[in-house]
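For reference, the structure is listed below as C-alpha cells.
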Amino acid sequence: MVQDSDIQIIDILYPGQPTTTIINIYNDSSCKSKSAVSILQTLKLPTNRPVIITGDWNLHHAMWANDTRNYRTNSQTKTLINWLTNHGLQLVNIPGVTTFAAHSGRGLPSVIDLTFANGQVAQHLMPYN
C-alpha cells in the first residue's frame, strides 16, 4: 500500500480477464527525495498480470523527447530508466509527441506525460470492433 497522494494504484477485475494494475503518478519535480518516482521504485510490482504506469512524470529523456537538443536528463531519470527496463516496462507513447504545451511564452513544449506498460498488457489487448 502506498501512503502518498501523488500515487494512485487501481486493480481492475473483469470476469474472464486477468487483473490489471494501473498506477497513476504525479511526479512533483520540486520534491526530489520523496518524489513519486522515488516511491514508485520501492514498490513490488506484480509480474504475473498486466501493469500500466501512467501520469505526469515531469522528467526529460531522449527516449521520449520531442527535441533531443533541449532535454535535460538527470540521475533520477537514468535510475528510473534502469528500473523500468528491469521490470519489463516499455514506453507506450509515440516518442516526440508533445504532451505539455507551456502556458506562457517562457517554456518550451515537452513530453512529460508518459505511459509505460509491461509485456502482459500487449498479450491481453483485444481489438475493438
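Bear in mind that the values in this text are calculations on the coordinates, not laboratory data. Small disclaimer: the values here were computed from a predicted structure and weren't measured. As a convention, Cβ positions derive from the backbone with ideal geometry for all residues, glycine included, and neighbour counts pool all protein chains shown.
Tabulated data
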item: Stretchable slack from GLN17 to SER5, in nm (0.36 nm times residue separation minus alpha-carbon distance); result: 1.5 nm
item: Cα long-axis angle, helix 75-86 against the chain (0 to 90 degrees, to the nearest 10); result: 20
item: Segments 94-101, 75-82, 116-123 sorted - mean Cβ within 10 Å per residue, highest first; result: 116-123, 75-82, 94-101
item: Ellipticity estimate at 222 nm from DSSP helix runs (n ≥ 4, -39,500 (n - 2.57)) divided over the chain, nearest 500; result: -4500 deg cm²/dmol
item: Of all DSSP beta bridges in region 7-124, antiparallel share, percent nearest 5; result: 70
item: Label point distance in nm, ASN48-ASN86, each placed 7 Å from Cα along Cα→Cβ; result: 2.3
item: Contour minus Cα-Cα distance for ASN74 and LYS34 (0.36 nm per residue); result: 12.8 nm
